[in-house]
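Peer 1: Structure provided below as structure tokens; questions to follow.
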Amino acid sequence: MSPPTISRRRFTSTLVSAPLILRAQPSSREARIKIDTERIIGQIDPKLYGNFTEHLGRCIEGGIFEENSPLSDKNGFRKDVMKAVEDLHVTFLRWPGGNFSSNYNWRDGIGPRDERPARLEMAWGTIEDNRFGTHEFLNYCEAIKTEPYLCANFGTGSWDEAQQWVEYCNYPSGTATSKLRQKNGRQEPWKVKYWGLGNEMDGPWQMGHRTAEDYGKFALEGAKLMKWTDPTLKLVAAGSANYGPGADWINWNRVVLQYLKDHADFLSLHLYVGNPENNFEEFMASSLELQNRTRIAEGIIRAAMSDTENRQIYIAWDEWNVWYRARGDKERGRRILEEHYNLEDALVIATFLNGFVNNAQIVKIANMAQLVNVIAPIFTSPNGMFLQTIYYPLQLFAANSFGNALELFVDGPTYASKHSPATPLLDISAAYNRGTLVLNVVNRSRYEVLPATFELEGGQFSAEFEVAEVNGPDIKSENTFGTTLVKTTHKSTQASGTRLRYQFPAHSYTMLKGKLV
Ligand code: AHR
């Protein structure tokens, strides 16, 4: 396949899909990026580097939890997986679903493990043994030092169930429900702050699927009870996950916010992308879809909040990933949704992370779906594990991109995709934290090394910059047990005064990190 036709456009990092200034003649393939640490988009919330564990296939059982395995600790937690999760710097972890949450009764997953009931599980067509429940999940979060995020059952569940789950987890003592927690071995409450008001309630595939009005009314009463039980809660309303033909994405979000604008703190959105037509250039542009939906949702939120005072609702992209090969519809059972990722998937992941940083003013939560085995960066067998390609960009962002997201001026080459006539070949975000600058650059070109010069306003680059690059031999390269073709490599580069020039290799994600003086 020949390289796409390249033109050149100027844009700012937060406005890639807005109308742009087009130069008459392409001047060169060299990009020019201006950085000004006073041009702040917003504070980067560490919860952008969240993840998700669902009772689905081998995500939990056989993933993070494997009782009686020589690789597990006394709690049944896989130690090798736990190490990989810690190294990924998972800041925020969602559980128990997903679609699973819409038929989950939390009371089935407490008390002595051997006495817990096995239940038919209808989201994924299995039997749920409930050996991993609230205590196991919250203890796991404590062990890996991550903030938990529980998704309540607003499908088959009731207001009472949701309210009492909050009480079980967060109420100090003295009520039947908090005493039950204490009897089950946990004296002090966990104080779980983040709670979802159901999952993908706009989807016909969801148990308890409702119209926007019916969901809005139901969720409002649940939200009231939950916040009256613990006023410190932060609640996530189920926004629309259904963006395809016939779906009324905008209306769902608008109506739900009308009901929940005084009680919800986040609007949940989901996005999975793929490359079924094997078109690298189009696939690499799919983060523009994220940008577009983020912008639309931000406008809907602003409209909904225009008559409220001192309240803000943020966006929670609480499920996102590449997912198209192992869709799982015909493979109900244990080994489902086990996507094997390649380099191009990892690059798309890096562009999504750029998208979250570049919208840091409104996106405050993002959970890659999911953590282990099921559409996941970590892949296990009973004997070991390996890190999928998508692990590496998430790890680099989560370990480095903090502080203020900066708005950049970018003058660089572009190409036409179905998402935009001016898809930037270099997709960039910048984070600035206490004198340290982090630049995240994805070269969307399959063939070309692209040079870029960064120009700093009002300061100087320190001489040496750290370089971390995620790349591999080919865009289709995958990792597997014992073979790591795609990974992060480290080196350094030199900056000079107010200029930093770098040549970005074809099909790469590069992080440049250094001090400003
Ligand atoms: O992450 C897999 C599934 O995708 C989740 O259960 C559901 O919320 C979404 O449709």
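The values are calculated or read from the model by the stated rules, or taken from the named source; none is laboratory data. Since we're looking at a predicted model, the values are computed, not measured. All Cβ positions, glycine included, derive from the backbone under ideal geometry; neighbour counts span all protein chains shown. Heads up: the accessible areas ignore ligands, DNA and RNA and are worked out on the full protein's heavy atoms, side chains in. Shrake-Rupley method; radii C 1.70, N 1.55, O 1.52, S 1.80 Å.
Peer 1: Anything in region 316-326 that is more than 10 Å from the ligand (Cβ to nearest atom) and free of Cβ contacts under 8 Å to residues at least 60 places away in the same chain? List them, or say none.
Peer 2: Passing the criteria: 317, 324, 325, 326.
Peer 1: Further question on the same structure: Out of 262, 318, report the one residue that is open to solvent by less than 10 Å² (accessible area, probe 1.4 Å), in contact with a Ser or Thr (Cβ under 9 Å, 6 or more places away or on another chain) and not hydrophobic (A, V, I, L, M, F, W, C).
Peer 2: That would be 318, the only listed residue that is open to solvent by less than 10 Å² (accessible area, probe 1.4 Å), in contact with a Ser or Thr (Cβ under 9 Å, 6 or more places away or on another chain) and not hydrophobic (A, V, I, L, M, F, W, C).
Peer 1: Pick out the one residue from 347, 343, 371 that is buried (at least 24 other Cβ atoms within 10 Å of the Cβ), within 28 Å of residue 510 (Cβ to Cβ) and within 15 Å of the ligand (Cβ to nearest atom).
Peer 2: Exactly one residue qualifies, and that residue is 371.
Peer 1: What is the one condition in (1) within 26 Å of the chain's Cα centre (by Cα); (2) of a type outside the set (S, T, N, Q); (3) part of a helix (DSSP H, G or I) that residue 167 does not satisfy?
Peer 2: Of (1) within 26 Å of the chain's Cα centre (by Cα); (2) of a type outside the set (S, T, N, Q); (3) part of a helix (DSSP H, G or I), only one is false for residue 167: (1).
Peer 1: Got at least one residue in region 59-68 being of a type outside the set (Phe, Trp, Tyr), more than 16 Å from the ligand (Cβ to nearest atom), over 27 Å from the mean Cα position of the chain (by Cα) and at pLDDT 95 or above?
Peer 2: Yes, because at least one residue in region 59-68 is of a type outside the set (Phe, Trp, Tyr), more than 16 Å from the ligand (Cβ to nearest atom), over 27 Å from the mean Cα position of the chain (by Cα) and at pLDDT 95 or above.
Peer 1: Identify, please: which residue in region 471-483 is open to solvent by 30 Å² or more (accessible area, probe 1.4 Å) and in contact with a strand residue (DSSP E or B) (Cβ under 7 Å, 6 or more places away or on another chain) and is, among those, farthest from residue 413 (Cα to Cα)? I'd like the intermediate steps shown before the answer.
Peer 2: Initial filter on region 471-483 (open to solvent by 30 Å² or more (accessible area, probe 1.4 Å)): 473-474, 476, 478, 480-483.
Filter once more, keeping what is in contact with a strand residue (DSSP E or B) (Cβ under 7 Å, 6 or more places away or on another chain): 476, 478, 480-481.
Values: 476: 24, 478: 28, 480: 35, 481: 38 Å.
Within region 471-483, the match that is farthest from residue 413 (Cα to Cα) is 481.
Peer 1: Now a separate question. Any residue in region 304-323 that is assigned to a helix (DSSP H, G or I) and either farther than 19 Å from residue 389 by Cα or modelled with pLDDT of 95 or more (or both)? Walk me through how you get there before you give the answer.
Peer 2: Keep residues of region 304-323 that are assigned to a helix (DSSP H, G or I), which gives 304-305.
Remaining after also requiring either farther than 19 Å from residue 389 by Cα or modelled with pLDDT of 95 or more (or both): 304-305.
Yes: region 304-323 contains one or more residues that are assigned to a helix (DSSP H, G or I) and either farther than 19 Å from residue 389 by Cα or modelled with pLDDT of 95 or more (or both).
Peer 1: Still on this structure, please answer the following. For region 143-160, enumerate the residues that are of a type outside the set (Gly, Ala, Ser) and either open to solvent by less than 50 Å² (accessible area, probe 1.4 Å) or in a loop (DSSP other than H, G, I, E, B) (or both).
Peer 2: 144, 145, 146, 148, 149, 150, 151, 153, 154, 156
Peer 1: Out of all the residues in region 390-397, is one or more β-branched (Val, Ile, Thr) and either out of contact with any strand residue (DSSP E or B) (no Cβ under 9 Å at 6 or more places or on another chain) or within 16 Å of the ligand (Cβ to nearest atom) (or both)?
Peer 2: Scanning region 390-397, I find at least one residue that is β-branched (Val, Ile, Thr) and either out of contact with any strand residue (DSSP E or B) (no Cβ under 9 Å at 6 or more places or on another chain) or within 16 Å of the ligand (Cβ to nearest atom) (or both), so the answer is yes.
Peer 1: Name the residue, out of 182, 187, that is in a helix (DSSP H, G or I), without any contact (Cβ under 8 Å) to a residue 24 or more places away in the chain and among the polar types (S, T, N, Q).
Peer 2: 182
Peer 1: Suppose the filter is touching a residue at least 40 places away in the same chain (Cβ under 8 Å), more than 16 Å from the ligand (Cβ to nearest atom) and surrounded by 24 or more Cβ atoms within 10 Å (Cβ to Cβ); does residue 356 pass it?
Peer 2: yes
Peer 1: For residues that are among the acidic types (Asp, Glu) and in a loop (DSSP other than H, G, I, E, B), scanning just region 32-86, find the one that is nearest to residue 266 (Cα to Cα).
Peer 2: Step by step, filter region 32-86, then rank; the result is 45.
Peer 1: Given region 199-303, what helices (runs of 4 or more DSSP H) lie entirely inside it while holding 3 or more residues that are touching a residue at least 12 places away in the same chain (Cβ under 8 Å) and small (Gly, Ala, Ser)?
Peer 2: 212-229
Peer 1: Counting only residues that are within 13 Å of the ligand (Cβ to nearest atom) and either at positive phi or not in a strand (DSSP E or B) (or both), how many does region 96-142 have?
Peer 2: Residues flagged as within 13 Å of the ligand (Cβ to nearest atom) and either at positive phi or not in a strand (DSSP E or B) (or both) within region 96-142 amount to 13.
Peer 1: Could you grab me the full set of residues in region 374-397 that are surrounded by fewer than 23 Cβ atoms within 10 Å (Cβ to Cβ) and of a type in the set (Phe, Trp, Tyr)?
Peer 2: Passing the criteria: only 386.
Peer 1: Report whether or not residue 219 is among the small types (Gly, Ala, Ser), on the phi < 0 side of the Ramachandran plot and open to solvent by 30 Å² or more (accessible area, probe 1.4 Å).
Peer 2: no
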